[in-house]
Amino acid sequence: MDDGEARQPSLGHPPAARRAGLGHLLSRLWKKVFTWYVLKTVVLGQMLSLFICGTAVTSQLLAETYKVDTPMLQSFINYCLLFLVYTVWLAFRSGENGLLHILRNKWWKYILLAIVDVEANYSIVKAYQFTTITSVQLLDCVGIPVLMVLSWFILHSRYRLIHYIAVVVCLLGVGTMVGADVLSGREEGKASDMLIGDVLVILGACLYAVSNVSEEYIVKNLSRAEFLGMLGLFGTFISGIQLMAIEYNAIINIEWEWRIGVMFAAFALCMFGLYSVMPLVIRVTSATSVNLGILTADLYSLFFGLFLFGYNFSLLYILAFVMIMVGFIMYCSTATYHAEPTPAQAHEGIVNSAMKEAETPQEPATPLQYLPEELSREHLD
């Protein structure tokens, strides 16, 4: 009897221990996911999605309502805005950060970058003339694994298992969105030459990956103003030449009215906002994180299309949105790390600064050479 009484208290401990362990796990999960860093990243990512949505809706209104199909002219206006703001800003700077010094030492690199960026924009927009929105949405995701591979080799970024799972979840969300398009019949009879369109989408996605990785390297090693200023300078020059070569007749045939002018202005402002804000988001996160976040842009375009173009609604779109956001939050909740060793810990990578500060602010800081000063406080993983 005494032995039984002695054993009774021990029988109650395992369930209590399990409950305590579960509570501790949920508490850690809550602190990891619901942080200011994750919230800020989600908000900024959706801001970029809304900018992209604005460019998509205005482009579709120009093409379908006003019969204006001038994707290069639209891009040219954006590069002109970048030139007027950021290139002029560089012109007033002196020393190594000034326009003349950058041109003397890096002009050919920025010409190549501008070519990549201009052709990426043109390829994606042009693809809509040959293939369906569904194909564009699906094949555009090719850019994400390409981006991760380029980040691995060029930026020395390293990923954990949760990052790969998060990417898969986001891509499943895109697949759900594509399925909803097919079931709703949104794409019937819209493709004229799908093979050409699909090749253009894949080409554009790969070029965007190269552009985004270059952007991440420049804004973390050099400056946002240098990236946007040089892109504005050479992007204006390259897109202007291409504009005169392939869209001259289309521009002459535009029957201008104030509504068309408003559409062009809205497109240019949305694109300018996208280019101006994206480097800020990439600087505190990564190009891969940004590209996952803006997968929701197609869904925002759909919601506007319900009122503007008479699209059919499906609950699968809501499911797709939730899946993409869950995958995006999963990716942001855990820091990637850098492959280069540090003196303090030769075999550990350096994690993303803002992410790690949210996770373990009590650990000592380690400077990361390639980040700007305000983001240079890194913590060892």
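Tabulated data
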{"quantity": "Modelled FRET efficiency - R0 25 Å, Phe313 with Ala265, Cβ distances, 0.05 increments", "calculated": "0.25"}
{"quantity": "Potential extension, Trp108-Trp89 segment - 0.36 nm per residue separation minus Cα distance", "calculated": "4.8 nm"}
{"quantity": "Theoretical gain in end-to-end length, Val43 to Phe304 [0.36 nm per residue, Cα-Cα removed]", "calculated": "92.0 nm"}
{"quantity": "Potential lengthening between Trp258 and Leu161 on full extension [0.36 nm per residue; Cα-Cα distance subtracted]", "calculated": "29.7 nm"}
{"quantity": "Inter-site label distance for Phe237 and Ala339 at 7 Å from Cα along Cβ, in nm", "calculated": "3.3"}
{"quantity": "Simple label model, 7 Å out from Cα along Cβ direction - Ile251 to Leu100, nm", "calculated": "3.1"}
{"quantity": "Accessible area in the full protein assembly, largest first, 1.4 Å probe, for Met230, Met330", "calculated": "Met330, Met230"}
{"quantity": "Accessible surface of region 192-299 [probe 1.4 Å, protein heavy atoms]: carbon and sulfur percent", "calculated": "70"}
{"quantity": "Separation in nanometres of the label points that stand 7 Å from Cα toward Cβ, at Phe153 and Glu64", "calculated": "4.0"}
{"quantity": "R0 of 25 Å, Cβ-Cβ distance Leu195-Leu172: FRET efficiency to nearest 0.05", "calculated": "0.45"}
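The values are calculated or read from the model by the stated rules, or taken from the named source; none is laboratory data. Everything numeric here is computed off the predicted structure, so don't read it as measured data. Quick reminder, even Gly has a Cβ in these numbers, built from the backbone with ideal geometry, and neighbours come from all protein chains shown. To get the accessible areas, we keep the full protein, side chains included, count just its heavy atoms, and leave off ligands, DNA and RNA. Shrake-Rupley method; radii C 1.70, N 1.55, O 1.52, S 1.80 Å.
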